[in-house]
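The values are calculated or read from the model by the stated rules, or taken from the named source; none is laboratory data. All values derive from a computational prediction rather than experimental measurement. Every residue, glycine among them, receives a Cβ derived from its backbone with ideal geometry; neighbour counts consider all protein chains shown.
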Amino acid sequence: MPEKNRARYNAKPKSSVFMSPPLAARASVGAAGKIVDSESTQAYLAVAPKNEGQFNAAINRDRSRRGYVAAKRIFDLIAGAALMTIATPIVLVAAAVIRLESKGSPFFLQTRLGKNGKPFKLFKLRGMYEDARLRFPLYYDYSARKDLDFFFHHETDPRVTRVGRFLRRTSIDELPNLWNVVTGDMSLVGPRPEIPEVLCLYGGYREQYLSVKPGVTCLSKCTGRDKLTKRETIEFDLDYINRRTFGLDLKVLWKTFRGVVLRRDVF
């Protein structure tokens, strides 16, 4: 991964794919603190608390995380609704320009996978030709990929229209994502929702990547963005999942805003 990206944002992506099991999976704890139901808690054995103090600390961390999730949803609802109100006129103007340039709906709906793999429809402004999948099928042949060391976005992409290039560089095409935030399918900050065809390549990354609600932006979006390989993108977003706090969310939002204004690392 380019060192300049890590140095610029002091990011520390981790390659670990271990996801701590929820407290619900730690059921059947005996009086001596031993796990009784070994089958349902196998993944937890390696990190099981060795004493009551450690177990209580784990419970407190879980309660704190639940509070963070609740507060984040409230913030998403309020901020998402406000931003959507501001963005609506921009989206309508952009939709009209898209329709004038090329045929087809100016809006693009695509099935993505949310938390725990739940599918939902992602809303975007269309930046490609309506028949791009038929005209350029090789760009969609993910089965030919053997690993995650490839670039998802291309600096020169024949599928993208002239208007689409401007919308993508200014991130206007993603403003309709705010509707997904308000409806609860997405958060303002979280790993980008993946399409099913690509998620099958994730391997051991899959479970942890799907453990949180996807977002409009994340660490990878403000740290290299389109210049990252798919593997690098996932590593940055797994780092966010491991370290996520409300403070980190605000930091990511600020860096994303700066990146959008400066049009940094986006094709």
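Return the residue satisfying two criteria in turn: it lies in region 78-104 and is within 22 Å of Gly184 (Cα to Cα), among the hydrophobic types (A, V, I, L, M, F, W, C) and in contact with a Leu (Cβ under 9 Å, 6 or more places away or on another chain), and of such residues it is surrounded by the most Cβ atoms within 10 Å (Cβ to Cβ).
Val91
If I filter region 132-153 for residues that are part of a helix (DSSP H, G or I), in contact with a Phe, Trp or Tyr (Cβ under 8 Å, 6 or more places away or on another chain) and among the aliphatic types (A, V, I, L, M), do I get at least one hit?
Scanning region 132-153, I find at least one residue that is part of a helix (DSSP H, G or I), in contact with a Phe, Trp or Tyr (Cβ under 8 Å, 6 or more places away or on another chain) and among the aliphatic types (A, V, I, L, M), so the answer is yes.
Could you say which residue among Arg169, Arg206 is closer than 20 Å to Ala94 by Cβ, of a type in the set (Lys, Arg) and over 12 Å from the mean Cα position of the chain (by Cα)?
Sole residue among the options that is closer than 20 Å to Ala94 by Cβ, of a type in the set (Lys, Arg) and over 12 Å from the mean Cα position of the chain (by Cα): Arg169.
Give the number of residues within region 171-192 that are under 23 Å from Lys251 (Cβ atoms) and either out of contact with any helix residue (DSSP H, G or I) (no Cβ under 7 Å at 6 or more places or on another chain) or not in a helix (DSSP H, G or I) (or both).
12
Suppose we keep only residues that are more than 23 Å from the chain's Cα centre (by Cα) and of a type in the set (Asp, Glu) within region 127-156. Which one would you say is surrounded by the fewest Cβ atoms within 10 Å (Cβ to Cβ)?
So, considering only residues that are more than 23 Å from the chain's Cα centre (by Cα) and of a type in the set (Asp, Glu), the one surrounded by the fewest Cβ atoms within 10 Å (Cβ to Cβ) is Asp131.
Find the residue count for region 235-267, including only residues that are closer than 21 Å to Arg168 by Cβ and not acidic (Asp, Glu).
15
Here's the yes/no breakdown for (1) touching a strand residue (DSSP E or B) at 6+ places or on another chain (Cβ under 9 Å); (2) over 25 Å from Phe150 (Cβ atoms); (3) of a type in the set (D, E, K, R):
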| residue | (1), (2), (3) |
| --- | --- |
| Leu178 | yes, yes, no |
| Gly184 | no, yes, no |
| Pro193 | yes, no, no |
| Pro196 | yes, no, no |
| Leu199 | yes, no, no |
| Gly204 | no, no, no |
| Glu207 | no, no, yes |
| Ser211 | no, no, no |
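Residues that are aliphatic (A, V, I, L, M), under 21 Å from Val181 (Cα atoms) and free of Cβ contacts under 8 Å to residues at least 12 places away in the same chain, at least 1 per element: which helices (runs of 4 or more DSSP H) completely within region 193-267 meet that?
Hits in region 193-267: 246-262.
Can you confirm whether Phe107 is within 15 Å of the chain's Cα centre (by Cα), modelled with pLDDT of 95 or more and surrounded by 13 or more Cβ atoms within 10 Å (Cβ to Cβ)?
no
List every residue pair whose Cβ atoms sit under 6 Å apart, with the two residues 6 or more apart in sequence or on different chains, where the first one lies in region 154-178 and is at positive phi and the second, anywhere, is at pLDDT below 95 and β-branched (Val, Ile, Thr).
Listed by first residue and then by second, the contacts come to Ser171/Val260.
Would you please list the contacts, defined by Cβ atoms under 6 Å and residues six or more apart or on different chains, that run from a residue in region 119-142 that is in contact (Cβ under 8 Å) with a residue 12 or more places away in the chain and within 13 Å of Asp157 (Cα to Cα) to a residue that is in a helix (DSSP H, G or I) and acidic (Asp, Glu)?
Final answer for the pair search is Gly127/Asp173.
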